[in-house]
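J.: Let me give you the structure first, and then I'll get to my questions.
The values are calculated or read from the model by the stated rules, or taken from the named source; none is laboratory data. The structure displayed is predicted, hence computed values, not measured ones. Reconstructed Cβ throughout: ideal geometry from the backbone, glycine too, with neighbour counts over all protein chains shown. In case anyone asks, the SASA skips ligands and DNA or RNA and just uses the protein heavy atoms, side chains included. Shrake-Rupley method; radii C 1.70, N 1.55, O 1.52, S 1.80 Å.
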Amino acid sequence: MSRAFYITTPIYYVNDKPHIGHAYTTIACDVLARFKRLDGFKVRFLTGTDEHGQKVAKAAAEKGMTPQALCDQNSQNFRDLAKTLGASNDDFIRTTEPRHVRACQALWEKLTAAGQITLGKYEGWYAVRDEAFYDEGELVTNAAGEKVAPSGAPVEWMVEENYSFPLSQWQDKLLAFYDANPDFIGPKSRFNEVYSFVKGGLQDLSISRTAFSWGIPVPNDPKHVMYVWIDALTNYITALGYPDDTADFQAFWSGPDSFAMHMVGKDIIRFHCVYWPAFLMAANVPVPKRVFAHGWWTVEGQKMSKSLGNAIDPNAMVAKYGLDQIRYFLLREVPFGNDGDFSEAAIAGRINGELANALGNLAQRFLSFIAKNLGGVLPAPGDFTPDDRALLTACDGLLAQCRDAMERQAFHDMIEAVWGVVRDANIYVDKQAPWSLRKTDPARMNTVLWVLAETVRHIAILIQPFMPTSAAKMLDQLAVAPEARTFAHLTPAHALKGGIGLPTPEGVFPRYGEPKAGKGP
Ligand code: ME8
């Protein structure tokens, strides 16, 4: 039975246009999804849009649109962005779809039946921008002397009759769950943050609103709509068919071979790591296996925001630098989990240094040499020297290192491991100098060229999740058949055969901002 991996992005609010932060999460999930598919897993990758709630209703009113019209328009922007980013999502969910309304109402009814929902009066601080409740003690004073949420969002005092979920009663069960599942939250620093938050005591949670109507009606009491977070979180199981016990639900959520994982930004960890498992446990639905909260991108040290007008448009970045280049940059620049500052100067540096020079040249030089001097035929190797063996052994060891990195969502560690071999291979070329062996020792030259080709085969197979188009071009140039590009092919048994014809090589990684070098050996 194949192991199953379910990966989700947050569903994005449709009140605004997508920016580089949204693109970041989607790309990270896509890389994981592609990695797992190549590693033989059955994968389901979900993204989508979060369309209900006060924030979206307000944005629509400000634009003089109906909420539905705003949702239709802006949801499409996120769908288009996923496509532009090369996301391999299997599904795109919108919370205004009937399948989702049905799932939310079913979950609500389960919680009601379990005695977990009661009607009462709620008073407290609410931040519409975060769609979140805050305790008095969490509020901070901003530069203007106003009381605001820790995120800086304005808060208002809310008094409403609503339905409430007894979150306070779940404190011990949540702590026991975290203790038993130390890998539930990554990175470790976020685990500790959530743990101490829960340990500090939990307040019951208001889970319906009556002040506006843009939401999913509460079953049997439609003057209430569901709190947008109970609605939003449920999307992850809606997409697997909940409340029906479908084959997908079993494969990706509840079954013994399932591994469900949510990727989120650090801003929404409390919803995913505290509320969501509490709702699920209360409804007797299995909880996901892992939530990873990545860091935050700023621009020149400042928060990206509409009011500052500094949001980075991912479409523009892709158009300017190339899709694979942006995918690589975002996951290479900052250790995943840390915050980072977005700088275009850094993009050009990585493109030229790591892609064009280090990897691009490595492949281009020996491939053009073969095309020019050996009639485009890959030579067969002779006996290996210790240097050949060292490089081939490094290639063989890569997959284990990459798997280990990706189990921790340490994209940067995987890239570093692969680029370690790129560096080794460049040192090897300089030392072996195959170009000067043509006259003196053609047999040795053949071996060196083959070792280089086999090394690039490993590298190209492994970087497919990050840079699918460029990796495919490299594998085309090595005449690797499309069906021979999975991680199962990273063994000596699938090594390149001497004597195969290679297509005319072309540069895969152009330099940015300088005339094309295009030099052969
Ligand atoms: O929170 N840096 O939606 P949202 C890095 N609808 N990542 C960023 C970012 C930044 N500056 N800005 C946004 C919501 N993100 C809810 C989610 S899920 C059931 C409901 C990414 O449109 C990051 O993943 O505000 C963050 O968690 C998400 O976008 C928030 O998107």
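J.: Do you know the relative contact order of the chain, to the nearest whole percent, from alpha carbon pairs under 8 angstrom that are 6+ apart?
T.: Result for the chain is 15 percent.
J.: Continuing with the same structure: From the helices alone, meaning DSSP H stretches of at least four residues, give me the mean residue ellipticity at 222 nm for the chain, per-run term -39500 (n - 2.57), in deg cm²/dmol to the nearest 500.
T.: So the helix-based figure for the chain works out to -13500 deg cm²/dmol.
J.: Roll a 1.4 Å probe over the protein chains and send me the accessible area per residue for segment 383-521 in Å².
T.: Here the per-residue accessible area is 46 Å².
J.: Just tell me which lysines come within less than 22 Å, Cα to Cα, of Lys473; anything on the same chain fewer than 8 places away is out.
T.: The qualifying lysines are Lys36, Lys83, Lys320, Lys372, Lys497, Lys516, Lys519.
J.: From Cα pairs below 8 angstrom and at least 6 apart in sequence, can you work out the relative contact order of segment 344-494, rounded to a whole percent?
T.: 28
J.: If the viscosity is 1.567 mPa s and the temperature 4 °C, what translational diffusion coefficient in µm²/s does Stokes-Einstein give for segment 344-494 when Rh comes from Kirkwood over Cα pairs?
T.: 81
J.: Sticking with this one: Only bridges whose two residues both fall in segment 4-295 count here: according to DSSP, what percent of them are antiparallel, nearest 5?
T.: On the way: 21 of 42 bridges.
The answer is about 50 percent antiparallel.
J.: How long are the semi-axes of the ellipsoid equivalent to the chain, from square roots of 5 times the Cα gyration tensor eigenvalues, in whole Å, largest first? Intermediate values should be presented prior to the final figure.
T.: On the way: eigenvalues 495, 114, 77 Å².
After diagonalising the Cα gyration tensor, the semi-axes are 50, 24, 20 Å.
J.: Follow-up question, since we're still on this one. I want the antiparallel fraction of DSSP beta bridges within the chain, as a percent rounded to 5.
T.: Around 50 percent of the beta bridges assigned by DSSP in the chain are antiparallel ones.
J.: How much FRET efficiency would the formula 1/(1 + (r/R0)^6) give for Lys439 and Thr486, where r is the Cβ-Cβ distance and R0 is 45 Å, rounded to 0.05?
T.: Values: r = 40 Å, r/R0 = 0.88.
So, using R0 = 45 Å, E works out to roughly 0.70.
J.: Let me ask another. Give me the tail of P(r) for segment 223-305 as a percent: Cα-Cα pairs with distance above 21 Å.
T.: In whole percent, the long-distance tail amounts to 38.
J.: Okay, moving on. Give me P(r) over segment 4-295, computed from all C-alpha to C-alpha distances, binned every 10 Å, as integer percentages.
T.: Once binned at 10 Å, the Cα pair distances of segment 4-295 give 6, 28, 38, 23, 4, 0.
J.: In segment 344-494, what percent of the accessible surface is made up of carbon and sulfur (1.4 Å probe, ligands and nucleic acids excluded)?
T.: C and S fraction of accessible area: 56 percent.
J.: Which value, to two decimals, describes the C-alpha radius of gyration of segment 125-173 once divided by 2.2 N^0.38 Å?
T.: Against the compact-globule rule of thumb, the ratio is 1.33.
J.: Next question. What helices does the chain have that are whole DSSP H segments, at least 18 Å long along their own axis by Cα, and with mean Kyte-Doolittle hydropathy of 0.5 or more?
T.: Length and hydropathy pass: 442-463.
J.: Separate question: Within 11 Å, Cβ to Cβ, of Val218, how many net charges do the neighbouring residues add up to if Lys/Arg are +1 and Asp/Glu are -1?
T.: -1
J.: Same structure, new question: As an exercise, take the mean of 1/r over every pair of distinct alpha carbons in segment 53-207, invert it, and state the Kirkwood radius in angstroms.
T.: That comes to 18.9 Å for segment 53-207.
J.: Sequence gap at least 6, Cα distance under 8 Å: using those rules, report the relative contact order of segment 191-249 to the nearest whole percent.
T.: 21
J.: A further question on this structure: Using a 1.4 angstrom probe and counting only protein chains, how large is the accessible area of Arg209 in Å², to 10?
T.: Approximately 10 Å² for this residue.
J.: Right, another one. Please list Lys42, Lys306 in order of solvent-accessible area, largest first, computed with a 1.4 Å probe with all protein chains present.
T.: Lys306, Lys42
J.: Counting only protein heavy atoms and using a 1.4 Å probe, what share of the accessible area of segment 4-295 belongs to carbon plus sulfur, as a whole percent?
T.: Numbers: 5580 of 10920 Å².
About 51 percent, which is the carbon plus sulfur part of the accessible surface.
J.: What ranking of Glu483, Glu161 comes out by heavy-atom accessible area, probe 1.4 Å, highest first?
T.: Glu483, Glu161
J.: How much of Glu136 can a 1.4 Å solvent probe reach, expressed as accessible area in Å² and rounded to 10?
T.: Its accessible surface works out to 100 Å², give or take rounding.
J.: Considering only Cα-Cα distances, which of the following residue pairs are longer than 20 Å: Lys121/Lys223; Lys58/Lys121; Lys173/Lys199; Lys58/Lys306; Lys17/Lys58; Lys55/Lys306?
T.: Among Lys121/Lys223; Lys58/Lys121; Lys173/Lys199; Lys58/Lys306; Lys17/Lys58; Lys55/Lys306, the Cα-Cα distance tops 20 Å for Lys58/Lys121.
J.: On to the next question. Taking only protein heavy atoms and a 1.4 Å probe, what accessible area per residue, in Å², does segment 4-295 have with all protein chains in place?
T.: That works out to 37 Å² for each residue.
J.: In whole angstrom, note down how far apart the Cα centers of segment 378-403 and segment 253-301 are.
T.: Result: 39 Å between the Cα centres.
J.: Right, here's the next one. Quick check: net charge around Glu136, other residues with Cβ under 13 Å of its Cβ, Lys/Arg +1 and Asp/Glu -1?
T.: That sum, taken over residues with Cβ under 13 Å, equals -2.
J.: How large is log10 I(q)/I(0) at q = 0.14, 0.16, 0.23, 0.26 Å⁻¹ when the Debye formula is applied to the Cα atoms of segment 433-521, each weighted equally and without solvent?
T.: -0.59, -0.75, -1.22, -1.34
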